[in-house]
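The values are calculated or read from the model by the stated rules, or taken from the named source; none is laboratory data. Keep in mind that this is a model prediction, so the values were computed, not measured. No Cβ is skipped: glycine too gets one built from the backbone with ideal geometry, and neighbour counts run over all protein chains shown. Side chains are part of the model used for accessible areas, which takes the heavy atoms of the whole protein and leaves out ligands, DNA and RNA. Shrake-Rupley method; radii C 1.70, N 1.55, O 1.52, S 1.80 Å.
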Amino acid sequence: MSDFNKILLSSSKLSVGYKNGQEKIIIVEDVNLSLKKGTLTTMVGINGSGKSTLLRTLAGLQNPISGEVLLEKSPIKTLDAEIKAK
C-alpha cells in the first residue's frame, strides 16, 4: 500500500454532542469516515450544525457520545497529548 493510500484518521459509528447531567444531547450521529494521507477534505454546514463539535471530537479534545475515533489504527482516547499533537 502506498503512503498516499494510508488511512490516518477514521471514525466508526461516531455520535458527538454534549452531556448535561444524565441527558445526552446528540448533535451529529453515525459518522463513518476515513481520511487518507495526501488528501484534502472539507466540511461545510450552517452555523450551529456541529462542525466544531465534530472537529473537537476527531482531534481527541472532546469525548464522543458513542463510537470511536482512530488515529493510525489506535483509539485516539488512549493516546497522550504529545502523540495527538504530532
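Only residues in segment 44-62 that are more than 13 Å from Ser15 (Cα to Cα) count as the first member; pair them with residues that are open to solvent by 70 Å² or more (accessible area, probe 1.4 Å) and not β-branched (Val, Ile, Thr), Cβ under 7 angstrom, at least 6 apart or cross-chain, and list the lot.
Pairs that qualify, where the first residue is more than 13 Å from Ser15 (Cα to Cα) and the partner is open to solvent by 70 Å² or more (accessible area, probe 1.4 Å) and not β-branched (Val, Ile, Thr), are Gly60/Lys77.
Here's the yes/no breakdown for (1) hydrophobic (A, V, I, L, M, F, W, C); (2) surrounded by fewer than 12 Cβ atoms within 10 Å (Cβ to Cβ); (3) touching a Phe, Trp or Tyr at 6+ places or on another chain (Cβ under 6 Å):
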position	(1), (2), (3)
Leu14	yes, no, no
Ile27	yes, no, no
Gly48	no, yes, no
Leu54	yes, no, no
Thr57	no, no, no
Pro64	no, no, no
Leu71	yes, no, no
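Provide a single number: the residues in segment 73-86 that are open to solvent by less than 50 Å² (accessible area, probe 1.4 Å) and in a helix (DSSP H, G or I). Can you show your working first?
First, the residues of segment 73-86 that are open to solvent by less than 50 Å² (accessible area, probe 1.4 Å): 74-76, 79.
Imposing the further condition that a residue be in a helix (DSSP H, G or I) reduces the set to 76.
Number satisfying all stated conditions: 1.
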